[in-house]
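Report on the following structure.
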Amino acid sequence: MKLFKNKALLGAVTATAMLAMSWLAPAPARADAVEDFYKGKSVTFLVSAPAGSLTDFVARNFAEHFKSHMAGHPNVVVLNLPGAGGMMAAAQLQLKEVKDGTVIGFLQRNNLYVPLVEGPKSGFDPRELQWLGSLEKVAYAMVAMNNSEVKTTADLFSKPLILGATGYSNENRTLPAMLNDMIGTKFKIIHGYDARGEVYLAMERGEVDGWASTVAGLTIPDTKQMLDQGRLKVLLHLGFESPAPFDKVPNLSSYLKTPEDKELYSFFTRSMVAGRPIGVPKGVPADRLAALRKAFDESAADPDFLSAMKAKDYPVEAVNGAAVEQVVKDLYATSDATMLKVRAIMTAKEPK
Amino acid sequence: MEHIAGFGVLETAGHALISLLSIDRIVFLWFGVLVGLMLGLLPGIGGLTGFALLVPFTYTMDPIAALAMLLGMHSSNTMSDTIPAVLFGVPGGAASQATVLDGLQMTKRGEGGRALSAAYTSSLIGGLIGALIMGIALPSVRPLVLSIATPELLAMTIFGIAMVSTLSGKTPLRGMVAACFGILIGMIGTNVQTGQMRWTLDLIYLRDGLPIMPVLLGVFALPELCDLAIGRKALTDKLEFSTRKGMWQGVKDAFAHWFLILRCSSIGAVLGAIPGVSSAVTDWIVYGHALRTERGADKSFGTGDVRGVIAPECAVNASEGGRLVPLLAFGVPGGAAGAILLSAMMVQGFIPGPDMLTRNLELTYTLVWSLALANVFGAALCFVLSGQFAKISTLRYTLILPSIMAVTFVGAFQGSRSWGDLYTLLIFGLIGWTMKRLKWPRPPLILGLVLGVLIERYLAISTLRYGADWLTRPGVMLILAASAWVMLSPLYRIVRRKGFGGLLPRGSFSVQSSDLVYVFFIGIAAWMLVEAQGWFFNARIGPTFAAGTLIVAGSISLIWLLFSGRGSANPAAEEEGIHMDLLADDDLPARTVAARAAQFFGWYIFFLAGTAVIGLIPTVPLMILGYMRAEAREPWKLSVAIALGAMLFIWIVFDRLVGVPWPHSLLGEWIPSLRGVIPSV
């Protein structure tokens, strides 16, 4: 019996069936319900960065596209609630916002693992959110000025390199500090600089020689210029891959070998897959969540959005909600022994 | 590089001016200036909000017009903030606190117009000097900035805090207590050096530290408003000058003190170039400078001396020019607003760094010209209006006070958009008012608040990087020597006049209830000191030093006071000099003062409760109406009109234009459907 005339129709029916199953209810009725719900409503994007910042720029741009892909085409309002490394917005979303799917949080990746390190006092639990996805993958690379003693990757293990860094618990300090212990690099880390601008100024005046920069940070025009002119060079990727455009530069896979070290180091790099996580509070009805996730996936792949971001050198590397959820799950599966070491790395020691 | 000398630069600057002076660019510069002026008028919001409003429009604009508009907004919002500072003693922004001291006194004398006009004339000159210094210095500024490393920055911030001794007036020990209190408050939050959370009480709100705006509004604005409510009369009975005459007098004042303007503007421009030294302290540092160097200032400052208005006003505007130096030459923003300006610049395709000073020099000069023209436009507009604004000071207090209270409340909420801001405003309002009433100088508190953490951070970087060697750098030794002189010379003068014996009290013992302020400060410091002892060395060393100093200085001052023989026939001679703060100028009995102050703060608590129950915006008209009816039986019609007008204004500016996540109210919890209808429920 030939129920379906062609493959396309079969595909369409299968997709509909799967969509229907994923909503755990008959599709047509629910789809209308979702559309009806969002029609004429306002959806709030709660952005964990100040208005006018790069993150805000991305969020507002994304919001425009999200509106057109979302069922019912709700109006989207962007509100900024910066503070405590995104924790203000995260906690507000989890505890105080309505759970009907009209408030969406633009959070930061440290929100995924800092609560695990700090315990309940952090005021937020990433498992209490349902994730729509993330817009960016983060990777770190070690860069140094060309006038420093360290010229090659091999030099990192024989000559000292003075690094600038921001806060004590920031990845730009923790990652190189771990490498000193694990693979014998000779970084001397000076932390306490306010932000990347101050670190680069310190590099230019010779106060420090380099720092652990995000790979995306290397495409920011002034830094890109330094790289193009040869005043700055990339020495080592602080991950297990060598992403473009520096794919010739070695990464940690040839250095970081023992399983214990790998597990510990991975704790810090795991959340980087979900560099800009976007979520809604638990309790948003399943059909609305599915519609929100679908709108996220479509907006993040929208050619207009991608070209607008490319024009500003912002590298979009989206992952879906399931992937973010997996990151959170993996983080929370970290062994107690590793967690002890993580806490030791993120909190200061008494001076000798 | 070769064309960057002599005529080359002038030619480039000329080209830059011509390219800016096209009508489609100047219009945007004008528009930016207007937005900046309007935002500056409102306490609690300023450049940051302005950028949030304007930056999204700039993405599709011509780059020169876009940056002219942003710079116009940025440099003009420190001009209009002078108006509420002079007229009501409510600084419209962090940059105009020092102006309050003499400006408000002049208003009370009926010289508000003169003060404003002097402020604007000196703002204009200061802004132009700042732009000029920047324009001249830019081509050769990179080597200069590169020669200043973290230890030199550290020394400069120490120099700033040494001004505490001058800004404490005749009560140096109380000033020390206030400064250390400020430092301790500034250290609340996550410590950069160790990741240690200091005194955060497990509140997310305190993790980034207390936002500065609610603290400033509490310490400086609320006490003035409270005293206005206690005095129950207009700020001034009659205007001393006619509108035009007052304005003319202000211009003459500014030009008579041209050398003071020159000095303060230069200091302002240099301070502006140091990242982290915001205009919240620049105004106090130059005020201190004027106080030390101007003839007779140690007697007349704080009593309505026009020089006390001129000095901070010109310096703050000049510092805007200085602030552009690290931004353009190195991509280092001076603060949060600068960071947004920077990202807007990069979106427009300008890359900060050497290119701005060579290949893109013309663009850079366009920015310098934008700054200069914005100063001319902004100051001219404010100047023209200053005489009219001065008339507001003769209005009945019940017409203006409740609306200003509402705006400070909403302004404080912009600190971090959280309930904590509202509590912070109220707590620091009480502290500020008590300090003002009992003659504790407040300026040192602000100096400590801003500079304390900066010193801690720079010190940590310096020792981490250079060990103890940072102390031997010639620049550092020079600046530290100057700091020591600034810090110790007031003490030296006393000792030279009276000998060491002059420092000892020789009276009989007495206790007064006002001594409880010491108990408060010392108690808080002791608690903070004990808490800090469980932390890592690098996280506790700063707090231990500040809290220890506070306790020692406070105890000495208290003991001196207890044995000063006050109230007896033969009290110990008071130290000479001025009281470095505003004085409450009513002679009401203490009981009346306390009752009316309680009423005033009661209205703020009403505001808090209203926000919690029915939402912030609906509370605004209720509170204004309640105040006007209950305090003075103002006519219903007038009260309703003002209440609704203020609500509409706040709704349009904050809800519609800025977009603020309001705190949720109980009403919204009970009837969620109201949320879509009434804003902020």
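The smallest convex shape that holds all Cα atoms of region B:122-225, its convex hull, gives 195 Å³ per residue.
Divide by every residue of the protein assembly as shown the summed helix terms, -39500 (n - 2.57) for each DSSP H run of at least 4, and state the resulting mean residue ellipticity at 222 nm, rounded to the nearest 500 deg cm²/dmol.
-19500 deg cm²/dmol
Annotation: amide H of B:M197 within the under-5 Å range of B:N191, sequence separation 5 or more or interchain, hydrogens built in the peptide plane.
Mean projected area of the Cα convex hull of region B:249-363, taken over all directions, amounts to 8.3 nm². With both residues required to sit in the protein assembly as shown, DSSP beta bridges show an antiparallel share near 55%. Given in Å, the Rg to one decimal and the Dmax to the nearest whole number for the Cα atoms of region B:595-676 are 13.9, 41.
Take the Cα radius of gyration of region A:140-270 and divide it by 2.2 N^0.38 Å, N being the number of residues; the result is 0.97. The alpha-carbon atoms of region B:450-555, seen along their principal axes, cover 53, 40, 21 angstrom, with the largest extent given first. Listed by chain and number, the lysines whose C-alpha is less than 16 Å from the C-alpha of B:K238, apart from same-chain residues fewer than 8 away, are B:K108, B:K391. The DSSP beta bridges internal to chain A are antiparallel in roughly 55% of cases.
Could you tell me how many cubic angstrom of Cα convex hull volume region B:30-149 has per residue?
For region B:30-149, the hull spanned by Cα atoms encloses 133 Å³ per residue.
Pairwise Cα distances in chain B exceed 32 Å in 51 percent of cases. Which of the three applies to chain A, rounded, prolate or oblate, going by the alpha-carbon gyration tensor with a ≥ b ≥ c and a/c under 1.5 meaning rounded? Judged from the Cα gyration tensor, chain A comes out prolate (a/c at least 1.5, a/b above b/c).
Using a 10 Å Cβ count of at most 13 others and DSSP loop calls, identify the longest part of chain B lacking such trypsin sites (Lys or Arg not before Pro). Longest site-free region, per DSSP loop and neighbour criteria: B:1-232. Given a cut-off of 20 Å, name the pairs among A:K39/A:K96; A:K67/A:K294; A:K151/A:K188; A:K224/A:K310; B:K170/B:K436 whose C-alpha atoms lie farther apart than that in the structure shown. Violating the 20 Å Cα-Cα cut-off are A:K39/A:K96. Annotation: amide H of A:V43 within the under-5 Å range of A:N75, A:V76, A:V77, sequence separation 5 or more or interchain, hydrogens built in the peptide plane. Translational diffusion of the protein assembly as shown, estimated by Stokes-Einstein from the Kirkwood radius over alpha carbon pairs at 4 °C in a medium of 1.567 mPa s, is 43 µm² per second.
Each reported figure results from applying straightforward, stated rules to the coordinates on display, with no laboratory input. Everything quoted here is computed from the prediction, not taken from an experiment. All Cβ positions, even for glycine, are placed from backbone atoms using ideal geometry, and neighbour counts span all protein chains on display.
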